[in-house]
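Report on the following structure.
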Amino acid sequence: DDVRLKGLKTFMPALIDKKDSLKLTKEPINKDLSVFLLLGSHDGMGDTIILAFSDQKKKRNTLVSIPRDLYYQGRKINSIYSEHGIERFKKDLSDIIGYNIDNYVTIDMYAFIEVVDVLGGVDVNLEQDLVDPTYKIKVQNEWKTLVLNKGEHHFKGLEALRYVRSRHTTDDFERGKRQQAVVHSIVDKVKTTNLTDINRLIGF
């Protein structure tokens, strides 16, 4: 109800061959580290940017959110994706963080909703109430303010999208934390449901 209709449904996993890896001017700080880009798009813009760092030696994974309004070379970082495509976007992000981006996935809002629904929803714990008067949602044909109370929630696809999109009453860092919480929940759900076949996600 609150997603603009001109958006497209896309879910595009991609792997970068070693021959296509971006060349950095200096050696990576940690050669055991792999970097994975999660890009949520809307109307061709990079709306959500999350980098997953996987340290194979230490068996540790870390998520880092990049604010979409981050300025780089005189422009917002998310506009690079819409104007120049994913390869240029990866290159500029790699220049910023000092690591090659090995893999990436792009997903738009409609695909995000359906992925969450395919998994049967996600479980998220809200540490505080989320009230966003600027975010209107339709409930039984009536427009209301987005209100999510503190505590445990089981979100379906559209509910999860509302949770990760809200930002006008908090900053981009809090929005990033909410997005990471949903990513963690999705990963946990994939593990518990043994959903390892990517074709099941892109074939619905």
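The values are calculated or read from the model by the stated rules, or taken from the named source; none is laboratory data. Note that this is a predicted model, so its numbers are computed, not measured. For neighbour counting, all protein chains shown are included, and Cβ atoms are generated from backbone atoms with ideal geometry for every residue, glycine included. Side chains included, ligands, DNA and RNA excluded: accessible areas come from the protein's heavy atoms. Shrake-Rupley method; radii C 1.70, N 1.55, O 1.52, S 1.80 Å.
Would you check which residues across the stretch 50-75 are open to solvent by 30 Å² or more (accessible area, probe 1.4 Å) and over 17 Å from the mean Cα position of the chain (by Cα) and list them? Correct list: Gln56, Lys57, Lys58, Lys59, Arg60, Tyr71, Tyr72, Gln73, Gly74, Arg75.
Of the conditions (1) modelled with pLDDT under 90; (2) under 21 Å from Arg178 (Cβ atoms); (3) of a type in the set (Val, Ile, Thr); (4) open to solvent by 20 Å² or more (accessible area, probe 1.4 Å), Val131 fails just one. Which one is it? Exception for Val131: condition (1). Within the stretch 35-64, the set of residues being in a loop (DSSP other than H, G, I, E, B) and of a type outside the set (Gly, Ala, Ser) comprises Asp43, Gln56, Lys57, Lys58, Lys59. Contact annotation: residue pairs with Cβ atoms under 9 Å, 6 or more positions apart or on different chains, pairing a residue in the stretch 104-129 that is over 15 Å from Phe155 (Cα atoms) with a partner that is in a strand (DSSP E or B) and open to solvent by less than 10 Å² (accessible area, probe 1.4 Å), are Tyr104/Leu37; Tyr104/Leu39; Val105/Leu37; Val105/Leu39; Thr106/Leu37; Thr106/Leu39; Thr106/Gly46; Ile107/Leu39.
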